[in-house]
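The values are calculated or read from the model by the stated rules, or taken from the named source; none is laboratory data. The model shown is predicted, which means the values in this text are computed figures rather than measured ones. Cβ atoms come from the backbone with ideal geometry, glycine included; neighbour counts cover every protein chain shown.
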């Protein structure tokens, strides 16, 4: 059944427009280098990895903090919003893949083609969206709970610095940064899925499954007490959310998908010599039908990658996290506060499975949050370095890898200090997490329609979105744009 559904899915969205026989390239393609589309010779599983990293990034704060808290307070009545949020982001990721497959560029480079000012806009979105490390502190608190208990040795800032140290080792230890991130997150995702299935078996009843299923089809229902801003945050964090979806273009490029094969992978400058990256991407000549055929082969890979990893696996894990909260927290009316959600669920499991049950859920929590922390530091460093390298001529005096190292190192050091600073002033990590999602939602309101425009304007006719992809991108633009406008009206008191 899954195979049939996936094949139908591929037929619907893989059928890009027919090959153009235009005799000349459009003027807006002149600054892209003309090259043949590399042939796809490896199997899907040989190329698997980019989607798994995005899953590791997605099953983080939104899945283990935001949505379980909603389920603990309101039950399963709004689960539909989580599944819809992931489904909408699936189509956004297709368009991110489309751009990088054809050009080998990051989407940030594409945004700057539309208007140079977008470089500064997305630099600000990335920094202000993710610099406050609520996601890192949550990871540190989970590790603390696992090793010494929530009241044990060390502050939240201390344990956050420990997790940041592990991130630094994984990013600056191996020679190839991407390979280290990919293998680590794939292992963590396996731990998460197996652990969640064990939890679901331990605590679930048929009544809970029915309640969850009813919530999935309860479209449009919003509980009293859930305001526009809170719902906007929840839908943004269902999936990767914010600028995190845009990191997918870096993973595809380093995996040498499509024209990414013409771009050197990001190497660790500490471990050896790095290569200069071209500052201009590629495009193919539509007059050669073989180029369009190879594009379709690469794009079908991206469709499978995102459908199986991002959509299916992400949907399953977020539902399992919600299910756990629905079973162990909601019946007792326990709505966890900052820093206690993972421990609270683990304590309830301890009553069922004993110490083993508590340990299982704490391990799941640490794996979930650390995978997000690792991917966020890596993705934010790639984004800032890419924006600087491709838009500031003076920055190209150094390799992109050097900028990546500087930005990632600064992010870790500043994040550690900021965690200590906010802890001293009793500022909870939940406030910073909600801020990240809020800023990210506004970023999506900007880049979703921009991405669709960019793919129509700059890509060869045979690579442009077909009507199905266009329809869902318009829907996504209306959803995030509508939420952004409604949130502004809510903030100003126009609506309540």
For this session: Could you tell me which of the residues 49, 56, 62, 75 is at pLDDT below 70 and either out of contact with any strand residue (DSSP E or B) (no Cβ under 6 Å at 6 or more places or on another chain) or surrounded by 15 or more Cβ atoms within 10 Å (Cβ to Cβ) (or both)?
Result: 62
Seminar exercise, completed: Among residues of segment 107-148 being part of a loop (DSSP other than H, G, I, E, B), surrounded by fewer than 19 Cβ atoms within 10 Å (Cβ to Cβ) and touching a residue at least 60 places away in the same chain (Cβ under 8 Å), the residue nearest to the chain's Cα centre (by Cα) is 131
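What helices (runs of 4 or more DSSP H) lie completely within segment 278-373 and have 1 or more residues being at pLDDT 80 or above? If you could, list the steps in order and put the result at the bottom.
On the way: elements: 289-305, 314-328, 341-353.
Of the helices (runs of 4 or more DSSP H) lying wholly inside segment 278-373, those with at least 1 residues that are at pLDDT 80 or above span 289-305, 314-328.
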Exercise. Has segment 164-172 got any residue that is closer than 27 Å to residue 350 by Cα, part of a helix (DSSP H, G or I) and without any contact (Cβ under 8 Å) to a residue 24 or more places away in the chain?
Worked result: no
Seminar exercise, completed: Residues of segment 173-221 being within 25 Å of the chain's Cα centre (by Cα) and assigned to a loop (DSSP other than H, G, I, E, B), in sequence order, are 173, 174, 175, 217, 219, 220
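If only one of 157, 168 is at pLDDT 90 or above, surrounded by fewer than 23 Cβ atoms within 10 Å (Cβ to Cβ) and over 30 Å from residue 488 (Cα atoms), which one is it?
Values: 157 fails: at pLDDT 90 or above.
168 is the lone residue from the list that is at pLDDT 90 or above, surrounded by fewer than 23 Cβ atoms within 10 Å (Cβ to Cβ) and over 30 Å from residue 488 (Cα atoms).
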Exercise. For residue 387, which of the numbered conditions (1) touching a helix residue (DSSP H, G or I) at 6+ places or on another chain (Cβ under 9 Å); (2) surrounded by fewer than 24 Cβ atoms within 10 Å (Cβ to Cβ); (3) under 24 Å from residue 279 (Cα atoms) fails to hold?
Worked result: (2)
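I'd like the residue in segment 171-191 that is surrounded by fewer than 19 Cβ atoms within 10 Å (Cβ to Cβ) and farther than 26 Å from residue 321 by Cβ and, out of all such residues, is modelled with the highest pLDDT.
172
Residue by residue, here is whether (1) over 25 Å from residue 296 (Cβ atoms); (2) within 24 Å of the chain's Cα centre (by Cα) holds:
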| site | (1), (2) |
| --- | --- |
| 385 | yes, yes |
| 409 | yes, yes |
| 423 | yes, no |
| 464 | no, yes |
Problem set entry | First in segment 481-496 and free of Cβ contacts under 8 Å to residues at least 60 places away in the same chain, second anywhere and assigned to a helix (DSSP H, G or I), Cβ under 6 Å, 6 or more apart | 481/445
Seminar exercise, completed: Scanning segment 222-248 for residues that are part of a loop (DSSP other than H, G, I, E, B) and either within 11 Å of residue 483 (Cβ to Cβ) or more than 8 Å from the chain's Cα centre (by Cα) (or both) gives 222, 223, 224, 225, 226, 227, 237, 238
Problem set entry | Which listed residue is touching a strand residue (DSSP E or B) at 6+ places or on another chain (Cβ under 9 Å), modelled with pLDDT of 95 or more and at negative phi, from 107, 102 | 102
Exercise. From the list 210, 203, 194, 217, which one is in contact with a helix residue (DSSP H, G or I) (Cβ under 9 Å, 6 or more places away or on another chain), at pLDDT 85 or above and farther than 28 Å from residue 381 by Cα?
Worked result: 217
